[in-house]
1. Using the 10 angstrom Cβ neighbour count as an exposure proxy, how do HIS58, HIS290 rank, fewest first?
2. Gap in Å between the Cα centre of the stretch 189-264 and the Cα centre of the stretch 129-165?
3. Going by C-beta contacts inside 10 Å, put LEU187, LEU217, LEU109 in order with the fewest on the left.
4. Using the Cα centre of the stretch 72-286 as origin and beta-carbon charges of +1 (Lys, Arg) and -1 (Asp, Glu), tell me which of LEU284, VAL113, ALA228 is placed farthest towards the positive end of the dipole.
5. Order these peptides, 28-40, 271-283, 162-174, by their mean beta-carbon neighbour count within 10 angstrom, highest first.
6. Show me 127-138, 202-213, 96-107 ranked by packing, highest mean number of other Cβ atoms within 10 Å first.
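Here, each number is a calculation from the coordinates, and none is a lab measurement. The structure presented is a predicted model; accordingly, all values stated were derived computationally and were not measured. Glycine gets a Cβ as well: all are built from the backbone with ideal geometry, and neighbour counts include every protein chain shown.
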Amino acid sequence: MSVVSQTTGTRDDSGTDAQVAVLVPRTSTSEKVLRVVIPILVVVAVVVIWQAIVSINHIPKYILPAPGDVLTSFFFGSESPHRDPDWPVLLPALWVTLQITFSALAIALIGGVAIAVLLVQSRWIELAVYPLTVILQVTPIVAIAPLLLIYAPNTQVALLICAFLVAFFPILSNMIQGLKSVDHNLLNLFDLYGASRWQQLIFLKLPAALPYFMVGLRIGGGLALIAAVVAEFAAGSSGAGSGLAFRLLEAQYRLNIPRLFAALLLLSLTGVAIFGITSFISWLALHRWHESAVRREN
């Protein structure tokens, strides 16, 4: 890590201008390269070991396909028996799963923040409502899904509710914790200047809770994807408009193991992409001021 010196003008006690050097830590180029190269090398090593195990032990495709078999089946199809490429089947299913995931995450973000603000503003409301949210969180989603299929207007709405319930609680609990973690000295300062409760909320509590909200966002993003897939399993959704969970089961029943691995790979890459996007959003929001994102000078 290198340190860049920036000079700013100030005025000393004698009334003359003085130059003050501010040390700004900066990540070196070699460290930036290593951050990218090392994870890639680890993934490449895992793929090479996987390929070597399959090749050395002559494991059939229907038991454990090699990475090359998965990619070939995804883009070009399997030669024996003759099958079409997997991507025209898997990509539309992935899009259905993504729609449920991001819709549930968006609703969970809005609902989690709104309810957290409401609960923190009133102690009595918190005592009344918070236990209900805990009950919904600890109830297994596979137990709720059959009931939702009965009362929801259609299967997609039931899947959306299931994914929302799983992603909602981490955002709510982190947001409540953040709103309650404001420095009491700052709260006393706002009271001293006669700030109203809403002014304290907007100008003090919400900015202070932003790091906690970002943690909830990262957790909720991954859980929304997991919940969408689990809800599809529990609901037993099938047909042309189904998500990747149905394609996983279909590939399993047909012993199309390369397609099964391709679907799993798509889900893994989607989860990594969601985590990367939410982490980048967190970095954009925090890297200029919060201790968790600001680099130390030493």
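1. Ranked by crowding around the Cβ, least crowded first: HIS58, HIS290.
2. Taking the Cα centre of each part, the stretch 129-165 and the stretch 189-264 sit 14 Å apart.
3. Ascending number of Cβ neighbours within 10 Å: LEU187, LEU109, LEU217.
4. Checked the options; the winner is VAL113.
5. Going by the mean number of other Cβ atoms within 10 Å, highest first, we get 162-174, 271-283, 28-40.
6. Peptide ranking by packing, descending: 96-107, 202-213, 127-138.
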